[in-house]
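J.: Got a structure for you, written out below as structure tokens; questions coming shortly.
The values are calculated or read from the model by the stated rules, or taken from the named source; none is laboratory data. For clarity, every value in this text was computed on a predicted model and none was experimentally measured. Cβ: placed from backbone, ideal geometry, glycine included. Neighbour counts: every protein chain shown. In case anyone asks, the SASA skips ligands and DNA or RNA and just uses the protein heavy atoms, side chains included. Shrake-Rupley method; radii C 1.70, N 1.55, O 1.52, S 1.80 Å.
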Amino acid sequence: QTNRYEKAIALTVGDNTTYPFMISQDTSNNYYSYLQTLNGSYSSFFASNPTLNAWNQLTVVYNGGTLTNYLNGTYSSQTSASGNFLNASGIKFRLGWCYNSEYWTGNIANGMFYNRDLSATEVLNNYNATKNRFN
């Protein structure tokens, strides 16, 4: 990606730039997760970036106390976070989107949201179940 704040996956409120959740890049192409709750907003940078030109799985889990990032089924980083998920009307699910009409330039195999937090074992199981489908 090229310094454009593209979102691999995002929930947006309407067509504006309010993001209850996203996995994105900063202007230096570092990947991070972002969560907006009723208590505030939180972000957590992945300890390392995905390998270019290879299939990667980015997973983020919020359990009400921490926002945890996993890269390819393995723990990467976390930050403290609190509050109920921002639930607003007009939330849209987006893959490969950017608010200024610049879109993801890679491929996205799938995007999923769960209505509960996953354990580290479940994250690894999901990775192992899908990794050979897209490599």
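J.: Need pairs with beta-carbon distance below 7 Å; first residue free of Cβ contacts under 8 Å to residues at least 12 places away in the same chain and within the stretch 28-42, second open to solvent by 30 Å² or more (accessible area, probe 1.4 Å); sequence gap 6+ or separate chains.
T.: SER41/TYR34
J.: Can you work out which of the residues in the stretch 49-82 that are modelled with pLDDT under 95 and of a type in the set (Gly, Ala, Ser) is least open to solvent (accessible area, probe 1.4 Å)?
T.: GLY64
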